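K.L.:
Here it is, the structure in full.
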Amino acid sequence: MKLIDKTAVITGGARGIGLAIAQRYLSEGARVVVADIDRAAIDEAVATLQKLGHADEKVMGVALNVCDQSSIDAMVEAVTQRFGGIDVLVNNAAVFDMAPVLEVTEESFDKQFAVNTKGMFFYPAGGCAFDGGTRAGGKIINMASQAGRRGEALVSVYCASKAAVISLTQSSGLDLIKHGINVNGIAPGVVDTPMWRKSTRCLPVTKTAH
Ligand SMILES: NC(=O)c1ccc[n+]([C@@H]2O[C@H](COP(=O)([O-])OP(=O)(O)OC[C@H]3O[C@@H](n4cnc5c(N)ncnc54)[C@H](O)[C@@H]3O)[C@@H](O)[C@H]2O)c1
């Protein structure tokens with residue numbers, strides 16, 4: 001029970017790795033906020049967590065678009081009202097497209113960088129999650145990927161967005177430590193989730209999906 005009395009917000013927490021993190025954090029005693037763009041998936045995730053025996057008062061589902069500052073502000077406000085603040089922020093939301101380099105569309109490029117990189121960076125840098133940086137002991141965990149450590153012919157933009165996540169994690173860690181906030185990244189290999197299943201059945205596409 002390492003997380004008793006801690007509140008953790010998990011972006012993209014409604015399925016896949018985010019939902020698994022939510023489950024594990026609850027098992028460690030945390031209060032968990034499942035923050036996701038997919039309202040139906042949030043409701044399903046909250047019901048799943050409750051069915052697994054996690055107490056209703058420890059689980060909160062909130063609609064969030066990490067690309068929209070007003071949505072972030074509203075989520076922080078709702079979580080602060082219910083749980084008093086945020087101790088752990090897991091920046092996990094991401095999207096993924098496949099296309100050969102010469103077929104990448106500007107729309108796909110912008111969407112992947114908007115969600116995976118900008119959506120991850122402006123959240124903590126805005127300070128909103130941690131009372132303007134005054135709440136010492138906060139933790140930020142950014143979800144990078146092994147894809148950020150090397151190029152891939154069919155997922156060039158996703159790889160680049162995750163390389164940027166690794167770099168921004170390092171810079172944020174060096175800067176935010178003066179506020180007592182610890183920043184780390186995780187770079188997983190392949191994990192069997194909806195995102196991974198999409199990639200295995202994908203022929204190159206140019207359409208962005210959640
Ligand atoms: N699955 C893998 O093999 C793998 C490997 C390495 C890294 N990762 C990373 O792990 C994280 C989770 O991946 P996953 O496989 O569970 O993905 P997933 O697609 O299963 O889940 C991603 C979640 O993010 C949400 N989301 C998308 N856009 C959003 C937005 N704008 N605002 C808020 N939420 C949004 C989706 O609704 C979804 O619930 C991602 O950052 C991904 O890049 C995954």
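None of the figures in this text is laboratory data; all of them are computed from the coordinates on show. On a predicted model such as this, the values are computed, not experimentally measured, just so you know. Cβ coordinates were reconstructed from backbone atoms using ideal geometry, including for glycine residues, and neighbour counts include every protein chain displayed.
K.L.:
Grab the other residues whose beta carbon is less than 11 angstrom from that of residue 145, score K and R as +1, D and E as -1, and report the net. Don't skip to the answer; put the middle values down first.
P.N.:
Details: positive: 149, 150, 162; negative: 152.
My count for the surroundings of residue 145 gives +2.
K.L.:
Something else about it: Once the Cα atoms of helix 16-27 and of the chain are each reduced to a long axis, what angle between those two axes, in degrees from 0 to 90 to the nearest 10, is obtained?
P.N.:
20
K.L.:
A further question follows. Given the DSSP H assignment, sum -39500 (n - 2.57) over each helix run of at least 4 residues in the chain and divide by its residue total; what's the result at 222 nm in deg cm²/dmol, nearest 500?
P.N.:
Numbers: 7 runs with 83 residues, N = 210.
The helix contribution divided over the chain gives -12000 deg cm²/dmol.
K.L.:
Here's another thing I want to ask about it. Using only Cα atoms and rounding to the nearest 10 degrees, what angle (0 to 90) does helix 156-176 make with the longest principal axis of the chain?
P.N.:
30
K.L.:
Pairs 139/178; 6/139; 2/58; 6/162; 111/162; 6/58: which are spaced more than 18 Å apart, C-alpha to C-alpha? Numbers along the way, then the final one.
P.N.:
Numbers: 139/178 13 Å; 6/139 10 Å; 2/58 15 Å; 6/162 28 Å; 111/162 13 Å; 6/58 10 Å.
Beyond 18 Å between Cα atoms: 6/162.
K.L.:
Another question, then. Where does each of 118, 51 land when they are ranked from fewest to most other beta-carbon atoms within 10 angstrom?
P.N.:
If I rank by nearby Cβ atoms, fewest first, I get 51, 118.
K.L.:
Of the listed peptides 32-40, 142-150, what is their order by residue-averaged count of other C-beta atoms within 10 Å, with the highest listed first? Walk me through the numbers before you get to the answer.
P.N.:
Working: 32-40: 22.7, 142-150: 19.3.
Top to bottom by mean Cβ count within 10 Å: 32-40, 142-150.
K.L.:
Continuing with this model, one more query. Can you order the peptides 107-113, 60-66 by their average number of other Cβ atoms within 10 Å per residue, highest first? Present the calculation step by step, with values, prior to reporting the outcome.
P.N.:
Details: 107-113: 17.4, 60-66: 21.7.
Per-residue mean Cβ counts within 10 Å order the peptides as 60-66, 107-113.
K.L.:
A further question follows. Per residue of region 47-59, in order, report the coupling 6.51 cos²θ - 1.76 cosθ + 1.60 (Karplus, θ = phi - 60°) as ³J(HN,Hα) in whole Hz, putting x for Gly and Pro.
P.N.:
Karplus values, whole Hz, x for Gly and Pro: 4, 4, 5, 5, 4, 6, x, 7, 5, 3, 6, 9, 10.
K.L.:
Mind sorting 3, 174 by how few other Cβ atoms lie within 10 Å of their own Cβ, fewest first?
P.N.:
Values: 3 19, 174 10.
Ordered from fewest to most neighbouring Cβ atoms within 10 Å, 3, 174 come out as 174, 3.
K.L.:
Now, a different point. Could you please report the charge total around residue 114, scoring K, R as +1 and D, E as -1 over all other residues with beta-carbon less than 15 angstrom from its beta-carbon? Walk me through the intermediate numbers first.
P.N.:
Numbers: positive: 111, 118, 162; negative: 68, 97, 106, 107, 110.
Net charge around residue 114: -2.
K.L.:
Another one. With Cβ to Cβ distances under 13 Å as the rule, what net charge do the other residues near residue 2 carry (K, R +1; D, E -1)? All intermediate terms of the calculation are to be shown ahead of the outcome.
P.N.:
Values: positive: 6, 24, 139; negative: 5, 28, 87.
Net charge around residue 2: 0.
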